[in-house]
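Only one structure is covered here, and it is reproduced in the block below.
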Amino acid sequence: MKKCLLLIVASLLLVARALAQTATVTPSPATYSATGGQITFTVALTFPTAASAASFSIKPATNTWSHVSTAHISPVPPVTTPPTTPYSLAVQPEVGATTATGDVQSVFGWAYADLAVLGSGSASFTFTLSYPAGLTGPQTFTPAADYRVGGVLTSVTIPALVIQPTPVPPTITNPSSVTVVAGANASFSVTATGLPTPSLKWQRSTDNGLNWSDLANDSTHGGVLTANLTITAATVGMNGYRFRALATNGAIPDATSSGATLTVTQAPIFVNQPLGQSVIAGDSATFVVSATGLPVPTYRWYFTPTGSSTPQALSDAVGKLAGTATPTLVVSNVQTSDVGDYVCIATNSVGTTTSVAAQLTIAARVIRIVSQTVAPGATFSVPIQLVATGTENALGFSLTFDPAFLTFQSAAVGANAADATLNTNSSQSASGRVGFAMAKPAGVSWSAGTQEVIKVTFLLNAASANGAITPLGFGNTPIAQEVASVTATTLPAGFQAGNVSVLAGYEADMNGNGSVTITDWVKVGRIVAGLDPAPTGVDFMKADCAPRSTLGNGSLSVTDWVQAGRYAAGLDPITPVGGPTSP
């Protein structure tokens, strides 16, 4: 009988133990701060009502944590009960507890004696730890609990508890602006902080910071998701681009650096070289260059007289030289002393570049190109003139041009060549070369003086930049340069190149703001009425806006005022400027 009773008691104890092994640990707050602080753990235990003691401990990840306090929440002992009985709260482990008392990283919550007096089978407690500033990463705590029934100590399995650091919004330093020579690499760097560690992303602005777009790693950009952005082989086209970095880590707000500017410098490079000029004595010669470079280069023209090897720096002289420090040099009243080579030197802080030499000669007869000022997208005609001596019967030459700017359209005999036959070879026009062969009837010569022999029609690329100058020159392909007399004798001749200057704007847009309004209409009216002086150059082209079909007729009248009013009222769409540049 005693044996059976012992077996029954043992079975009940096993069941009680199995039912009692539960524990819940809840941290408050659920995260910890990088600046240091305290965390309070709420612990709920269940155990057999016959338990005489229960204990709990929690071991932090490092010994930098310290114990602050331990207290019970429930059950509250009867007020009439003396403090030491029927149970006590102690910040020490129960005798025989599973965690060793010598482990300095174990901070035990409590030990209870005579819990059976309460008869509740459960209790809740608080347990507070403090921690220093500067902790990083997740913090892992190892809890342990046990209780004693009838002298038998039973452990309660509690999963490890992981507390994450409190998110800290990112901060980011500003990258420094960078200056490099074209073709060199550039790099921008930032430093970002925050918890968790922020992710980075670089952005670029091509409009001085008005709009930004994300960068992707490619042959030009590297490290776009790191603290260090690399630009490989920076180009002049990147000059002025701005770069910034964004830092995000899930905490609000994100951090955005200021934009750093990439400055790309480049030694001058001549895009257009000066062309040789041959003029009649007393006429003017114009040499034009254009050079790229950053910073924008300055210009200086030099002259080496025929028979000399010493270049002379030129300076402006009224009636003789103009534009000696600009891309366009004008030599007026050309005389024998002006014959020789002209070069332009372009200079900036990166370096100096010298153009090819353009030779100026004097000839008895000259074939020359009349330079034009044209609006982008316009179709226009270039007069080719022969300054004749009265003995010329036939001529041949080729025009050279930049097909990126100009597209050849057609050619026709000029005003002073109605009886001449013109043959045009446009087989190489796509490469910027068109040949012309022209002859008057046998035995007939051009009269002495300036004669318009050919009118060549081109289309100016609509994307041509305002202020650009593109040269029109002479060549020997596909038709060689030659002038013949009525007796089939080759006559010595000079060839004078010209230019096409790009000047953007719209008909009747006298204010030059890209639109035609009432004030433009009034301005044209004042010019037509003689209240304001007649303009010149492109402003004449704008005011001379009628007839609309020809973009003007070379005179200013009330019809121009009427047409300007139609533009201002939106009755006719505004039109790129064109037409005559003078009366």
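Each reported figure results from applying straightforward, stated rules to the coordinates on display, with no laboratory input. Note that this is a predicted model, so its numbers are computed, not measured. Glycine gets a Cβ as well: all are built from the backbone with ideal geometry, and neighbour counts include every protein chain shown.
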Residues whose modelled amide H sits under 5 Å from the amide H of Ser69, counting only those 5 or more places away in sequence or on another chain, are Thr128
Work out from phi, with θ = phi - 60° and the Karplus expression 6.51 cos²θ - 1.76 cosθ + 1.60, the ³J(HN,Hα) of each residue of segment 556-570, listed in order in whole Hz, and give x for Gly and Pro.
10, 8, 4, 5, 5, 5, 5, 5, 4, x, 5, 5, 5, 7, x
Could you calculate the contour length gain from Thr179 to Ser445, that is, 0.36 nm times the residue separation minus the distance between their Cα atoms, to one decimal place in nm?
89.5 nm
By how many degrees, 0 to 90 and rounded to 10, does the Cα axis of helix 2-20 deviate from the longest principal axis of the chain?
20
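If you take the beta carbon distance between Ser349 and Thr306 as r and set R0 to 45 Å, what does 1/(1 + (r/R0)^6) give as a FRET efficiency, to the nearest 0.05?
0.80
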The exposure ranking of Tyr131, Tyr147, Tyr567, fewest beta-carbon neighbours within 10 Å first, is Tyr131, Tyr567, Tyr147
How big is the gap, in Å, between the Cα center of segment 390-430 and the Cα center of segment 188-224?
55
Cα→Cβ-extended label distance, 7 Å offset, between Ala313 and Thr326, nm:
2.0
Per the charge dipole of the chain (beta-carbon charges, Lys/Arg positive, Asp/Glu negative, Cα centre), the residue among Ala184, Pro376, Leu321 reaching farthest to the positive end is Ala184
Which entry is the computed mean projected area of the Cα convex hull in nm² for this structure: [x] 50.2; [y] 57.1; [z] 26.4?
[x]
Report the calculated FRET efficiency for Ser549 and Ala418 (r = Cβ-Cβ distance, R0 = 35 Å), to the nearest 0.05.
0.90
Within 10 Å of each residue's Cβ, count the other Cβ atoms and sort Ile345, Ile58 from fewest upward.
Ile345, Ile58
Computed from the beta carbon distance with a Förster radius of 30 Å, FRET efficiency for Ser557 and Gln409 to the nearest 0.05 stands at 0.50
What does a probe at Ile269 reach in segment 283-298, counting residues whose amide N is under 20 Å from the point 7 Å along Cα→Cβ?
289-298
Three-way shape label, segment 508-583, alpha-carbon gyration tensor, a/c 1.5:
rounded
Enter the angle in degrees (range 0 to 90, nearest 10) between the Cα long axis of helix 518-528 and the first principal axis of the Cα atoms of the chain, meaning the one along which they spread out most.
10
For Asp316, Asp544, Asp207, ascending order of other Cβ atoms within 10 Å (fewest first) is Asp207, Asp316, Asp544
Quick calc: nm separation of the 7 Å Cα→Cβ label points for Ser124 and Asn208 -> 6.5
Please name whichever of Pro132, Val483, Val289 sits farthest to the positive end of the charge dipole of the chain, dipole taken about the Cα centre and charges placed at Cβ: Lys and Arg +1, Asp and Glu -1.
Pro132
Partners for Lys542 among aspartates and glutamates (Cα-Cα distance below 12 Å; same-chain residues under 8 apart left out):
Glu507, Asp509, Asp520, Asp560
The size of the Cβ-based charge dipole (Lys, Arg +1; Asp, Glu -1) of the chain about the Cα centre, to the nearest 20 debye, is 1440
Any aspartates and glutamates whose Cα falls less than 18 Å from that of Lys59, other than same-chain ones fewer than 8 residues away, would be Glu94, Asp103, Asp146
